[in-house]
Structures are given as C-alpha cells and as structure tokens.
Amino acid sequence: MRAKVPKLILVVPCYNEEETLPLSSPLFAEELNSLVDSGRVSPESRILFVDDGSKDETWRVISDLDKGNPRFIGIRQSRNRGHQFALWAGLMEARNLGCDVTVTIDCDGQDDVHAMTEMVDEYAKGSEIVYGVRNDRSSDTFFKRFTAECFYRIQAALGVEAVYNHADYRLLSARVLDALSEYGETNLYLRGMIPLVGFNSSKVFYARKERLAGKSHYPFLKMLGFAADGITSLSVKPIRLITLFGAIVSLLTFIMAIWSLVSWMRGDVVRGWTSEVLCVCFLGGIQLVSLGVIGEYVGKIYLETKRRPRAIISDRTWQKTKEGNP
C-alpha cells in the first residue's frame, strides 16, 4: 500500500458539449468529493476540462463551472485537433500541475464514474496503470457493438497491443506520465501507446451507459479513420502482409504462365477475353490497395518529420481569473 494520499486530476476532453457538461460535471464533482471525503485522494485534487476547439459554448460553460466550484479548472486548445490530442494536452497539463495520478474520462456520461473508486484503490495497491474495461455494452446498438468488437480483434491480429473493450477511461500515475512524455510521435493513439510504456497494470470492469445528452462525435466513417490511424501508427504488419500477399500472387502468376505456355504448346488454347480482364482487374485492385496502405505510412512519416507541436493551449481558466479577465 502507498503511504502518500495522492493528488488526483481528472482529465475530461470536450468537443461541442455545451448540452452535456451541465449534466455530467455534477457527477464528476460528486465522485471526486467522495474520494476526498474517504481519504483516498488529496483535497487539492481537481477536475480538468479540455476544450478541443469547440464551435459552440463549451468554453463558456467550462469558465462558468470554474467560477462556481474551485474543483473545476479548464484549458482550451487554439483549434480542434481531435480527441487523442485533447487527451494528451490534458495529461501533460496535469503533469505540469504536479498531480500524483490522473484519470481520463469522456464527458458524455457513458463511462461509470463510480469505477474511479476502484481505480484509485488499485493504484493504492501498487498499480501504475488501471484500465477501465467495458464488460456490458447493452446500451449500444448491435451495429456499434459488432463494429467495436471487430475493431479490437483486427487491432490484435495486426500486432497492436491494446486492451480489449478498453477505450480511454484509465488511471495513470505520475511515473507513467513522465515516461509517456518521452514518446515523441506526432500520430497519437494512446490506447496503443500506453501498454507500450509498461509498469504494473490492472483492470476495473464496468457497464457502459447511454449518453446523457447530445450526439456521438464518432460516426462510423470517423471510427474507420480512427482504427486505421491506430493500426498504422503502431504496427508495420499491414506492410508485411502486403509483401506476403504480393509473393503469393507472384507465385500464382508464375504458375499460370507455365500453364499457359504448356497449353499453347499443346494447341489447347481457348480464345477469349474474360480471363484476361479478370486477371487485370484483380491485380490492378491489389496494386491500388497496396499503394494506399503504403501511402498511409509514407504520409505518417511526412507528418512525423515536421515535428509540429501536439497541443497549443490558448486559454487557462486560472490564468483568466488571475489576470482579472471575465
């Protein structure tokens, strides 16, 4: 058991959540107060909202929450960068604020806030990382459950080290944050990066709920893009599969060439264009798909070489308060 009572910073990424925040923020505050009252975390613990360049009144809501409750603080990115970059910005901000542990959770209310108590208890027992794992997704549609399960299985098959049915609800210690800050890639996929850090880890299981308000910011096409980013950012197995498949196709083509030559020598050649068109279309399709996958990796290399900042914070609620701005 750890002797020190940890300072916890709850990191909550937000994008166009003006409807959801007034409903979910009291749940976060209630759970944090419970953790403080039970002596599990320090009274200095805070809830850090990260506005990912929202186009609605999300920042105003965060600013009002900061004024009404000292446990609420917030930062705003200069523009929308995406969920993973918002998480990263919040984690690094929490690290700079001297936290002992962080818990990341989405603001839509689908993740059970009461699982935080178990996470903090696991940390007290020695875990540096505690994954929140969904063991009941009955609130999701069949299509959502099916695609999510396929997503996790494909990741595993292609060599991505990710925890099955785990999204971004997790506890990280300051030690893990220090190690994570050393990872320099621009293409962020935290679900796969954090298992690479190592350290002792454990799991806490919970049931997924429905959104409190608003609509999901991850439609099917965006989920496909997210899956592709996750796989190509952390695994080169697709490139190796292309190489293997190319070798197999080349072998089959060589066999067909021998068969065609033998058939010509025997005078047993059937005239027609169907087989030729099928072969051309098949090989052309394979080449285009292969070039697309290779291009995805080349594009990521291009972005990595630029070394652009992963987060630019334009506003902090406590700085506004200090300067006397509204």
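Using alpha carbons only, how many angstrom separate the centre of the range 69-88 from the centre of the range 9-62?
Distance between centres, Cα-based: 10 Å.
Tell me the net charge near T58. Cut-off is 9 Å between Cβ atoms, T58 excluded, with +1 for each Lys or Arg and -1 for each Asp or Glu.
Every neighbour counted, the sum reads -3.
Expressed as a rounded percentage, what relative contact order does the range 42-144 have, with Cα pairs under 8 Å and six or more residues apart?
Relative contact order of the range 42-144: 21 percent.
Counting only Cα, what are the radius of gyration and maximum Cα-Cα distance Dmax of the range 40-104, in Å?
12.1, 37
With each label point set 7 Å from Cα along the Cα-Cβ vector, what nm distance links F199 and N69?
About 2.7 nm, to one decimal.
Amide H of F199: which non-local residues (sequence gap of 5 or more, or other chain) have their own amide H closer than 5 Å, using H built in the peptide plane?
none
If you take every residue apart from P6 with its C-beta less than 11 Å away from the C-beta of P6, what net charge results, scoring Lys and Arg +1 and Asp and Glu -1?
Surrounding charge for P6 is +2.
Order the peptides 311-317, 97-103 from the highest to the lowest mean number of other Cβ atoms within 10 Å of their residues.
Output ranking for 311-317, 97-103: 97-103, 311-317.
Cut-off is 10 Å between beta-carbons; in what order do M92, M116, M193 appear when sorted fewest neighbours first?
The fewest-first ordering by Cβ neighbours comes to M92, M193, M116.
What distance in nm separates the two pseudo spin-label positions at V298 and E30, each 7 Å out from Cα along the beta-carbon direction?
So the two model labels end up 5.5 nm from each other.
For a label point 7 Å from the Cα of K4 along Cα→C-beta, name the residues of the range 75-109 whose backbone N is under 13 Å from it.
98-102
How would you rank V50, V280, going from fewest to most other Cβ atoms within 10 Å of each one's own Cβ?
Result, fewest neighbours first: V280, V50.
Just to confirm the filter: which trypsin sites (Lys or Arg not before Pro) across the range 45-102 are DSSP coil and have at most 13 other Cβ within 10 angstrom of their Cβ?
Sites meeting the loop and neighbour criteria: K55, R79.
Here, each number is a calculation from the coordinates, and none is a lab measurement. Since we're looking at a predicted model, the values are computed, not measured. Cβ: placed from backbone, ideal geometry, glycine included. Neighbour counts: every protein chain shown.
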